2 protein chains.
Amino acid sequence: MIRILVADDENLIRAALAQLLDLEDDLTVVAQAASGRAALDQARVLCADRGPDGGLDVAVLDLQMPEPDGIAVAAELAGLDVHSIIVTSHGRPGHLKRALAAGVRGFLPKTTEAARLAEVIRSVAGGGRYVDPELAAEAIGAGDSPLTPREADCLELAADGATIEDIAARAHLSPGTVRNYLSSAITKLGAANRHDACAIAVRMGWI
Amino acid sequence: MIRILVADDENLIRAALAQLLDLEDDLTVVAQAASGRAALDQARVLCADRGPDGGLDVAVLDLQMPEPDGIAVAAELAGLDVHSIIVTSHGRPGHLKRALAAGVRGFLPKTTEAARLAEVIRSVAGGGRYVDPELAAEAIGAGDSPLTPREADCLELAADGATIEDIAARAHLSPGTVRNYLSSAITKLGAANRHDACAIAVRMGWI
DNA sequence: CGGCGAGGGTGACATGTGTCATGGGCCGCC
DNA sequence: GGCGGCCCATGACACATGTCACCCTCGCCG
């Protein structure tokens, strides 16, 4: 019997997903969490408990959650010998890369067929890996972020419509420097302006 | 027995939701659809069929779907005597207003408890209505969009980072006019710049 | 040591944007 | 018929942004 933790901040979805998985004969949902923090707490308790109900095999984590997000949770869980599967609505190449770097064993968009999730859980529980083929292709095609860390910082701060002054203040930089970084990011991404650049970077999962 | 149609373009979520609802004794999921168009097709077939399996009582629709979206589908279904419930990840006041105007009978975010969905379905099947209280309060507090139709158009075109020239070309307007509309929208929304204005308008569900 | 590259900065210049005043045309309503 | 609101446009001005050239300071490495 494979013991599963399901984490998603959308109660409706989490409950439905848990229900779906519990219906499989060889799967059992032993914990649910509505936030990354709750997921970690639950996992720690389960792993500490060596009794009949203790232990945890696989975590199914939504990527978009209040801090910490699914990838951060997966990185922590890797230390507890729990294999993680990330499920997400938005398939960004960058997210996939970060997830794999964090030791995630499975990554699939919410558009995948329901039956596949169970298959992937079984495979991951047995030590396998699974990445949605389409996403994998995108990630390979997209390549790595061409942005330097500072450029990415500035772009991230610019993403919510802040003005140069705001960004400079929040990044502890001179306004001119911010403009240079932004300009460089814009040309690197082939964008028309900073907001276009933000859109591209977000789509790629680079910020 | 209440007959239900579930529509959501995320296969995983739709299957899980259908499973969850089917587990209730008095509910049965008679159709699933991965797009608005498919939902309408299914509903028409079911309503035309007056046999033992025919008929449809309630549609549970995701708001975000490839055209037509949940609200548009609900408006069509109202003509078939099918009551609709909208489920959404993002609770925007404007969406709620549009939904109610389209004759939707239930509106709830995906963060609601799983048990509540079944309750709402029963209530709606019996002719009742249900709107998430928090969303309702927001919608009342937010009021109507202060934007004129053209202002909203320009703002919508500006949302993806287009430059004034682009917007003017796409809207068949003079660049100066676009700037006036944008400026007016910015002041009306109390925003710092056009992108801030876009963010506000999107958050309110006005574009 | 000299050279190099990345981080951080300045100043100048051309464009793009936000704001304002102003005007005309077209409704709908008192 | 006048008034007011929306639509469309123009021109002018201030400020924000994007681009470029150039500078300084560290480390690092040959």
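None of the figures in this text is laboratory data; all of them are computed from the coordinates on show. Quick caveat, the model's predicted, so the values are computed rather than measured. Positions of Cβ are backbone-derived with ideal geometry, glycine not excepted, and every protein chain shown enters the neighbour counts.
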Taking 7 Å along the Cα-to-C-beta vector as the label spot, tell me the residue A:22-residue B:23 distance in nanometres, rounded to one decimal.
0.4
Among the residues of chain B, which one places its Cβ closest to the rotation axis that maps chain B onto chain A, and what is that distance in whole Å?
B:16, 2
Sequence gap of 8 or more, or different chains, plus Cα separation below 27 Å: how many lysine pairs satisfy both in the protein assembly as shown?
5
Env charge @ residue A:155, Cβ radius under 12 Å, K,R +1 / D,E -1, value -2
Extending each Cα 7 Å along its Cβ direction at residue A:101 and residue A:37, get the distance between those two points in nm, one decimal.
2.6
³J(HN,Hα) across the stretch B:124-138 via Karplus (A = 6.51, B = -1.76, C = 1.60, θ = phi - 60°), whole Hz, x for Gly/Pro?
5, 4, x, x, x, 9, 8, 10, 3, x, 5, 5, 4, 4, 4
Taking amide H atoms as placed 1.01 Å from N in the peptide plane, list the residues 5 or more away in sequence, or in a different chain, whose amide H sits under 5 Å from that of residue A:60.
A:5, A:6, A:7, A:85
Quick one: net charge of residue A:65's neighbours, Cβ under 12 Å, K/R +1, D/E -1?
-4
Taking 0.36 nm per intervening residue step and subtracting the Cα-Cα distance, what contour gain separates residue A:192 from residue A:170 on full extension?
5.5 nm
Would you be so kind as to identify which of A:148, A:45, B:139 lies farthest towards the positive end of the dipole of the protein assembly as shown, taking Lys and Arg as +1 and Asp and Glu as -1 on Cβ and the Cα centre as origin?
A:148
Loop-only check: which trypsin sites (Lys or Arg not before Pro) in the stretch B:123-207 are DSSP coil with at most 16 other Cβ within 10 angstrom?
B:129
Kirkwood hydrodynamic radius (Cα pairs, Å) of the protein assembly as shown?
23.5
Estimated distance in nm for a label pair at residue B:78 and residue B:199, the labels positioned 7 Å out from Cα along Cα-to-Cβ:
3.4
Pulled fully out, how much extra length does the chain show between residue A:148 and residue A:115, if you take 0.36 nm times their separation in residues and subtract their Cα-Cα distance?
7.8 nm
With θ set to phi - 60°, apply the Karplus curve 6.51 cos²θ - 1.76 cosθ + 1.60 along the stretch A:186-202 and write out the HN-Hα couplings as whole Hz, x wherever there is a Gly or Pro.
4, 5, 4, 8, x, 8, 8, 7, 4, 6, 4, 4, 4, 4, 4, 4, 5
Residue by residue through A:6-15, how many Cβ atoms from other chains fall within 10 Å of the Cβ on average?
6
Could you tell me the ratio Rg/Rh of the stretch B:149-204? Both radii from Cα atoms, Rh via Kirkwood.
0.92
Could you tell me the distance between the Cα centroids of the stretch A:179-197 and the stretch B:1-63, to the nearest Å?
46
Phi-based couplings in Hz for the stretch A:165-179 (Karplus 6.51, -1.76, 1.60; Gly and Pro marked x)
4, 4, 4, 4, 5, 6, 9, 6, 10, 7, x, x, 5, 4, 5
Can you tell me the 0 to 90 degree angle between the C-alpha axis of helix B:11-22 and the longest principal axis of chain B, rounded to 10?
40
Take the Cα atoms of the stretch A:36-75, find their three principal axes, and give me the spread along each one in whole Å, biggest first.
32, 15, 13
With the convex hull built on the Cα atoms of chain B, state its orientation-averaged projected area in nm².
12.4
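Given the -39500 (n - 2.57) contribution per DSSP H run of 4+ residues, what per-residue ellipticity at 222 nm results for chain A, rounded to the nearest 500 deg cm²/dmol?
Here the helix-only value at 222 nm equals -16000 deg cm²/dmol.
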